[in-house]
4 protein chains.
Amino acid sequence: MHTRVLVTGFEPFGGETVNPALEAVKRLEGRTLETSEGRIQLCTKAIPTVFGRSVEVLEKAIEEARPDVVICVGQAGGRHHITPERVAINVDDARIPDNEGQQPVDTPIVAGGPAAYWTALPVKRIVQSLQAAGIPASVSNTAGTYVCNHIFYGLMHLLSTKYQTIRGGFVHIPFLPEQVVDKEASSMSLEKIVQALEIAITTTALHTTDLVIAAGTEC
Amino acid sequence: MHTRVLVTGFEPFGGETVNPALEAVKRLEGRTLETSEGRIQLCTKAIPTVFGRSVEVLEKAIEEARPDVVICVGQAGGRHHITPERVAINVDDARIPDNEGQQPVDTPIVAGGPAAYWTALPVKRIVQSLQAAGIPASVSNTAGTYVCNHIFYGLMHLLSTKYQTIRGGFVHIPFLPEQVVDKEASSMSLEKIVQALEIAITTTALHTTDLVIAAGTEC
Amino acid sequence: MHTRVLVTGFEPFGGETVNPALEAVKRLEGRTLETSEGRIQLCTKAIPTVFGRSVEVLEKAIEEARPDVVICVGQAGGRHHITPERVAINVDDARIPDNEGQQPVDTPIVAGGPAAYWTALPVKRIVQSLQAAGIPASVSNTAGTYVCNHIFYGLMHLLSTKYQTIRGGFVHIPFLPEQVVDKEASSMSLEKIVQALEIAITTTALHTTDLVIAAGTEC
Amino acid sequence: MHTRVLVTGFEPFGGETVNPALEAVKRLEGRTLETSEGRIQLCTKAIPTVFGRSVEVLEKAIEEARPDVVICVGQAGGRHHITPERVAINVDDARIPDNEGQQPVDTPIVAGGPAAYWTALPVKRIVQSLQAAGIPASVSNTAGTYVCNHIFYGLMHLLSTKYQTIRGGFVHIPFLPEQVVDKEASSMSLEKIVQALEIAITTTALHTTDLVIAAGTEC
């Protein structure tokens with residue numbers, strides 16, 4: 001097995017100066033993970049926290065990297081756990097503007113698209129692997145209705161309609177400690193988050209037996 | 001400046017198999033911290049989670065180590081922050097039994113003792129230093145009424161009545177991630193907790209100018 | 001306008017001896033709400049907290065009552081708010097057994113059904129009306145994967161396939177105070193919950209202009 | 001038994017337009033509670049949320065009402081429970097300014113006063129009575145370091161030094177629902193809060209056998 005994985009992280013939004021997803025994803029850039037069944041080659045992409053454009057940037061990254069697996073990562077401020085998302089829903093409903101000032105309300109992401117897409121990640125196995133490694137984790141049933149759910153739905157729509165050999169999904173991560181030094185909110189250290197993403201990636205690769213190995217371009 | 005600091009941590013209780021306080025304190029055993037104004041020599045002691053006996057073990061450790069500073073550390077499961085405690089109150093009121101089955105209710109810790117003792121740690125400065133290092137922290141106004149408050153009050157009573165040259169206090173720390181892998185509760189990595197205790201110790205040593213340097217026995 | 005509304009509530013589950021949904025729904029039985037645009041006639045039904053059978057009981061109640069609107073109500077223990085649900089997903093995934101011992105894991109509710117159904121309640125308007133009345137409320141994006149989501153999905157599937165003139169959806173409510181007298185959990189008084197359901201019902205009736213008025217049997 | 005009880009509530013602060021304590025206390029003004037052992041006559045006083053002046057207003061009210069019992073009531077936003085306070089500590093440490101712009105930091109309330117005063121209310125019995133009535137309740141070990149703790153300490157100091165026949169203490173109450181209609185925070189209905197205060201008052205009167213009955217002025 002030789003698996004290529006594209007991991008994406010959002011740029012900071014909502015007044016934050018860092019995004020733990022981007023910080024974690026940067027640590028994964030260019031790395032290779034060794035597993036019992038082969039190597040996993042990682043490449044990464046920073047995604048603008050912008051409705052619409054985020055999915056364009058994602059598709060371009062998929063075209064360039066030709067990955068077997070795509071895992072998009074975003075911040076779920078306030079959650080205690082690493083939460084692989086189960087389902088993406090076809091609606092944008094923004095409580096705050098995105099980084100370009102857009103604030104869609106109750107708008108379909110894909111006109112005529114299905115109400116929801118299921119993740120194609122083995123989310124239960126990921127949670128088991130994370131807990132076994134001492135990392136708080138649970139499956140989430142909502143990715144919200146902001147840009148995180150937007151890119152998750154956009155990703156699954158792309159995989160469903162154009163890139164049917166690629167597996168993908170979305171993982172939410174908590175705040176970093178430095179984001180909440182004086183706030184009553186949960187957080188997780190960057191080291192744990194990076195370790196959690198490595199485990200999520202490895203677990204996905206090992207349990208996605210029908211992955212089609214992409215030939216070609218380095219990612 | 002050469003400062004000797006005794007750091008104590010409780011043994012696991014309440015059905016937990018680890019106590020983050022003890023785990024963190026073990027990492028500090030025998031270490032030396034270098035500061036701009038001199039060295040800090042650390043020694044540590046595991047304390048039984050038992051009313052009464054915990055203070056006896058603490059006093060014995062003080063007698064042996066002859067420290068300048070004593071910092072007792074305990075777990076405050078559910079808190080997001082490192083919380084130096086401001087005040088110890090003269091009451092035991094246990095919701096669950098201690099590790100020897102004792103469960104005192106509304107009992108004075110020291111008959112005839114004052115209702116409360118203030119910490120002698122620079123708790124505001126410790127919080128500032130922790131936040132500056134990216135670690136969530138705040139001053140707490142209650143150490144509860146279980147063994148943590150018990151040893152805190154017992155410590156301050158000892159320092160007030162027998163060891164008046166020693167400074168001391170209590171710091172509560174969150175759960176470790178591995179304690180809450182499937183619970184909806186906040187946690188902090190062991191690395192962060194150890195770093196936080198180092199900062200608390202260093203800040204105390206640097207802002208306790210009237211510490212009397214103990215001569216003699218190695219700690 | 002004369003609108004007939006069927007409101008359902010679940011029987012207690014998970015070790016609880018009451019279910020706030022059932023308690024609230026009982027208070028609505030047989031009542032008539034007067035609005036600026038006509039009368040709303042309420043009928044109610046207790047639903048077993050059981051996968052499968054809950055939807056059978058619901059369908060029988062729909063057959064009997066021939067309502068214009070169906071609102072299913074369930075307890076979301078721990079939530080602060082009245083939360084009308086936005087979307088039902090096609091999966092049963094039970095953390096605890098239901099009242100007949102069934103505990104399905106990652107099982108479709110309707111084999112071959114769509115991944116999700118949107119509510120047909122005006123959830124944003126309901127939230128606005130509730131907040132205007134001083135009642136904490138927000139739209140929820142997940143009804144979970146237990147019997148609440150099960151009946152919600154089952155309801156929307158029935159309305160989509162067999163009862164296309166009926167509008168419906170699901171509303172989650174908090175614990176009652178008496179359920180959490182010694183627990184650290186949020187609650188809402190029964191009076192507020194009943195008032196909230198009245199508002200949700202009235203708001204739905206007033207903003208569902210294309211309701212087809214059912215003739216016939218008393219509800 | 002004929003008992004006279006003075007109940008106080010704070011004016012709104014911190015940007016809130018209502019204070020649940022004041023709203024609840026208004027409902028008690030002039031009322032008489034009948035118990036198995038006699039009548040309880042209630043009088044009330046609105047207290048400015050101001051360091052220093054709050055205690056002056058309180059003392060004037062005590063002078064006028066000549067009560068047997070004084071219960072001060074304040075809002076503890078975010079708490080789920082009615083929380084009778086166990087202990088008042090001798091420090092003002094304000095995170096936000098009071099209603100006259102004062103923001104003391106680490107300042108003694110009474111110079112030379114004891115570090116803490118215990119409540120003179122039967123707080124455990126009050127909690128039991130509340131829970132038996134279906135109202136979430138627990139004893140709190142900290143009234144904070146803002147104006148609530150300030151008046152609590154000030155009250156206990158007055159009772160200790162000048163009014164030794166009067167019993168008193170402090171009870172914290174949650175937000176009202178209308179304060180948190182769009183916030184993720186716990187609340188309790190005004191009806192429940194008023195009922196809780198009645199229970200706290202009655203329980204105190206019935207378990208304070210050595211109350212000296214004040215003769216004289218109507219309260």
Between D:Val18 and D:Val105, what is the label-point separation in nm under the 7 Å Cα-to-beta-carbon projection? 3.5
Using alpha-carbon positions, what is the distance between the centroids of region D:103-126 and region C:51-119, in Å? 51
Take each of the peptides C:38-50, D:147-159, D:35-47, average the number of other beta-carbon atoms within 10 Å over its residues, and list them starting from the highest. D:147-159, C:38-50, D:35-47
Taking only the alpha carbons of region C:57-178, what extent do you get along each of the three principal axes, in Å, biggest first? 41, 35, 26
Cα extents of region B:2-206 along the three principal axes, largest first (Å): 46, 45, 27
Find the all-direction average of the projected area of the Cα convex hull for the protein assembly as shown, expressing the result in square nanometres with one decimal place. 39.8
Spelling it out for A:Gly168: with amide H atoms placed in the peptide plane at 1.01 Å from N, the residues 5 or more places away or on another chain with amide H under 5 Å from its amide H are A:Val70, A:Ala120, A:Leu121
Shielding by partners, peptide C:174-186 (average Cβ within 10 angstrom, other chains): 6
What's the FRET efficiency of A:Glu34 with B:Asp182 using the Cβ-Cβ distance as r and R₀ = 25 Å, to the nearest 0.05? 0.30
Would you kindly calculate the mean projected area, averaged across all directions, of the convex hull enclosing the Cα atoms of region D:26-116, in square nanometres? 8.1
Show me, for region D:53-66, the HN-Hα J-couplings you get by feeding each phi into the Karplus relation (A = 6.51, B = -1.76, C = 1.60, θ = phi - 60°), rounded to Hz, glycine and proline as x. 4, 4, 6, 5, 4, 4, 5, 4, 5, 5, 4, 6, 8, 6
Kirkwood hydrodynamic radius over Cα pairs of region A:1-63, then Stokes diffusion coefficient at 25 °C and 0.890 mPa s, in µm²/s: 194
Using only atoms on other chains, find how many Cβ atoms lie within 10 Å of each Cβ of peptide B:88-101 and report the average. 2
One finds the C-alpha centres of region C:127-176 and region B:1-20 to be spaced, in Å, by 49
Between D:Ala132 and A:Ala46, with labels modelled 7 Å along Cα→Cβ, what's the label distance in nm to one decimal, could you check? 6.4
What does the charge count near B:Leu121 come to, summing +1 for each Lys or Arg and -1 for each Asp or Glu among other residues with Cβ under 10 Å from its Cβ? +3
Of all accessible surface on the protein assembly as shown at a 1.4 Å probe, what whole percent is carbon and sulfur? 49
Cα convex hull of region C:74-146: how many Å³ per residue? 98
Averaged over peptide D:135-144, how many Cβ atoms belonging to another chain are found within 10 Å of each residue's Cβ? 5
Given the pairs A:Lys192/B:Lys124; A:Lys26/B:Lys124; A:Lys124/C:Lys45; C:Lys183/D:Lys192; A:Lys60/B:Lys192; A:Lys162/C:Lys124, which are separated by over 27 angstrom at their Cα positions? A:Lys192/B:Lys124; A:Lys26/B:Lys124; A:Lys124/C:Lys45; A:Lys60/B:Lys192; A:Lys162/C:Lys124
Among C:183-194, C:74-85, how do they line up from the highest to the lowest mean number of other beta-carbon atoms within 10 Å? C:74-85, C:183-194
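The values are calculated or read from the model by the stated rules, or taken from the named source; none is laboratory data. Since we're looking at a predicted model, the values are computed, not measured. In this analysis, Cβ positions are derived from the backbone assuming ideal geometry, glycine residues included, and neighbour counts consider all displayed protein chains. Please note that ligands, DNA and RNA were not included when accessible areas were found on the heavy atoms of the full protein model with its side chains. Shrake-Rupley method; radii C 1.70, N 1.55, O 1.52, S 1.80 Å.
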